[in-house]
Amino acid sequence: MALLHLRHLTHHSLLPTSKLHHHFRFSPLKSPRFSCSASASTTMAKQVLVPIANGTEPMEAVITIDVIRRSGADVTVASVEKELRVDACHGVKIVADALVADCKNTVFDLIALPGGMPGASNFKDCGVLESLVKKQAADGRLYAAVCASPAVALGSWGLLKGLKATCYPSFMEQLQSCATAVESRVQQDGKVVTSRGPGTTMEFAVTLVQQLYGKEKADEVSGPLVMRPHHGDEYTITELNPLEWKCNNVPQVLVPIADGSEEMEAVMIIDILRRAKANVVVASVGDNLEILASRKVKLVADMLLDEAAKLTYDLIVLPGGLGGAQAFAKSDKLVNLLKKQAESNKPYGAICASPALVLEPHGLLKGKKATAYPAMCDKLSDQSHIDNRVVVDGNLITSRGPGTSMEFALGIVEKFFGRPKALELAKGLLVVQQ
């Protein structure tokens, strides 16, 4: 059985947990187009539709969108609701690029459905989306789904007959009535690709990039993600100077976001901590609640930082993303909150670019071991532990990038709630094998 494992180590016994990071670098951001009128034949970029609904699993949606946009594909995020904004699971609010009804005459190279309930049921009940996906299948073009959606949507539409498919474990019985059900983390059969849940979605999205553009492009996209080398296996979090993280019953957590924040990292942190029943406040560092993240996903914060700063927190944790980290570093209010947190010996953390661009220049890594995005680690004054995927040093937790974000969030869960709770979540997310 795979386990979430927290190692308590002295600095003499620490070994790197990954040797995959020496070639990572930031790639120039390719700005996607959001037109719903261009067909695949009129542009070199592949046209991709990712529908979202009230009750969509936000990790699955955002990971799929983000990873595929990294390939240069033109991804349209389309709401099946009457409004562009959807209320995804775990209180995450996403704003679509278009309504699905406006995309009904567009030719897509791929239609990929995230999961989540009741999101998958809302997909199933959307006649426009059903027609789009049925035409996609009839025309021999690629379609895909993850989590509940293979069984609830694709299966209900009769689009998996005679095909091997997988889905979230609790929907496997339903899947068996409409497909040849298998337990693969990602399953391809002909022009359909299916997958199991949040913890398999990055693999799912990289597979879709390979189907669209080939293996070389998939490798180019997957390298900088800092994905786990052995998906589903036991993983470790490196801890030094163990310290009990305390809270009054429910941890109060601040997650700032800004234009340019890495949407996968932000959403995975928010989603997983809310699953653990932490009270997570998502605060916009800009002037508006809505932010445009690094791969152009539009997220809506709960409040502005000015309002959030009036509260006290058991943890402040920063997602990465180059533009977002730069915005954090320039925010005196946020930096002062972080400094007060550190001075009070209360937990704080950061991932990807933020340890290097926010914590380091403001003295918040002084005397601490930390890691960061591989291409940013040369900015850390102490680089002795940069090869570890997640590093906990007393009241500080840091991590590397999108592909380490689930481990990072689970490490936070473990510090506040204990290993059994973190392991329960890890299994439910399919980060480790059930």
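The values are calculated or read from the model by the stated rules, or taken from the named source; none is laboratory data. Nothing here was measured: the structure is a model prediction, and the numbers come from that model. Cβ placement follows ideal geometry from the backbone for every residue including glycine, while neighbour counts extend to all protein chains displayed. Each accessible area value is taken on the protein alone, full model and side chains, heavy atoms only, with ligands, DNA and RNA left out. Shrake-Rupley method; radii C 1.70, N 1.55, O 1.52, S 1.80 Å.
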Among GLY115, GLY127, GLY119, which is the only one that is in contact with a Phe, Trp or Tyr (Cβ under 9 Å, 6 or more places away or on another chain), closer than 21 Å to GLU81 by Cα and at pLDDT 95 or above? GLY115
Give the residues of region 146-156 that are in contact (Cβ under 8 Å) with a residue 40 or more places away in the chain and either in contact with a Leu (Cβ under 8 Å, 6 or more places away or on another chain) or in a helix (DSSP H, G or I) (or both), sorted by residue number. VAL146, PRO150, ALA153, LEU154
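Hey, could you check region 286-298 for residues that are open to solvent by 10 Å² or more (accessible area, probe 1.4 Å) and either touching a Lys or Arg at 6+ places or on another chain (Cβ under 8 Å) or of a type in the set (S, T, N, Q) (or both) and say which is farthest from LYS427 (Cα to Cα)? Explain how you work it out, then say what you get.
Start the filter on region 286-298 by keeping residues that are open to solvent by 10 Å² or more (accessible area, probe 1.4 Å), which leaves 286-290, 292, 294-296, 298.
If we keep only those that are either touching a Lys or Arg at 6+ places or on another chain (Cβ under 8 Å) or of a type in the set (S, T, N, Q) (or both) too, we end up with 288, 290, 292, 294-296.
On the way: ASN288: 36, GLU290: 32, LEU292: 31, SER294: 29, ARG295: 28, LYS296: 30 Å.
Among those that are open to solvent by 10 Å² or more (accessible area, probe 1.4 Å) and either touching a Lys or Arg at 6+ places or on another chain (Cβ under 8 Å) or of a type in the set (S, T, N, Q) (or both), it is ASN288.
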Note on ARG400: of the conditions (1) charged (D, E, K, R); (2) more than 21 Å from ALA278 (Cβ to Cβ); (3) open to solvent by 10 Å² or more (accessible area, probe 1.4 Å), unmet is (3)
Given (1) outside any strand (DSSP E or B); (2) over 25 Å from PHE416 (Cα atoms), identify the lone condition not met by ILE291. (1)
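Mind counting the residues in region 157-180 that are closer than 20 Å to LYS427 by Cα, touching a strand residue (DSSP E or B) at 6+ places or on another chain (Cβ under 9 Å) and touching a residue at least 12 places away in the same chain (Cβ under 8 Å)? Can you show your working first?
Step one: list which residues in region 157-180 are closer than 20 Å to LYS427 by Cα, which gives 166-173.
When the remaining residues are screened for being touching a strand residue (DSSP E or B) at 6+ places or on another chain (Cβ under 9 Å), the result is 166-168, 172-173.
Still in the running and touching a residue at least 12 places away in the same chain (Cβ under 8 Å): 166-168, 172.
Looking only at that region, the number is 4.
Name every residue in region 134-156 that is touching a strand residue (DSSP E or B) at 6+ places or on another chain (Cβ under 7 Å), among the hydrophobic types (A, V, I, L, M, F, W, C) and surrounded by fewer than 23 Cβ atoms within 10 Å (Cβ to Cβ), in order of residue number. Explain how you work it out, then say what you get.
Looking only at region 134-156, we keep the residues that are touching a strand residue (DSSP E or B) at 6+ places or on another chain (Cβ under 7 Å), and these are 136-137, 142-146, 149-150, 153-154.
From what's left, among the hydrophobic types (A, V, I, L, M, F, W, C): 137, 142, 144-146, 153-154.
Hits for region 134-156 are ALA137, LEU142.
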Consider only pairs whose beta carbons are under 7 Å apart and that are at least six residues apart or on different chains; among these, list those whose first residue lies in region 53-80 and is without any contact (Cβ under 8 Å) to a residue 40 or more places away in the chain and whose second residue is open to solvent by 10 Å² or more (accessible area, probe 1.4 Å). SER79/LEU99
Kindly indicate the residue of region 224-257 that is within 16 Å of the chain's Cα centre (by Cα) and modelled with pLDDT of 95 or more and also surrounded by the fewest Cβ atoms within 10 Å (Cβ to Cβ) among those meeting that condition. MET227
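Given the residues LYS379, LYS340, LYS369, which is the only one that is of a type in the set (Lys, Arg), in contact with a Leu (Cβ under 6 Å, 6 or more places away or on another chain) and open to solvent by 40 Å² or more (accessible area, probe 1.4 Å)?
One residue alone meets the criteria, LYS369.
Having 2 or more residues that are more than 20 Å from ARG274 (Cα to Cα) is the bar; report the strands (runs of 3 or more DSSP E) wholly within region 52-145 that clear it. Walk me through how you get there before you give the answer.
Working: elements: 74-79, 85-87, 93-95, 110-113.
In region 52-145, the matching strands (runs of 3 or more DSSP E) lie at 74-79, 110-113.
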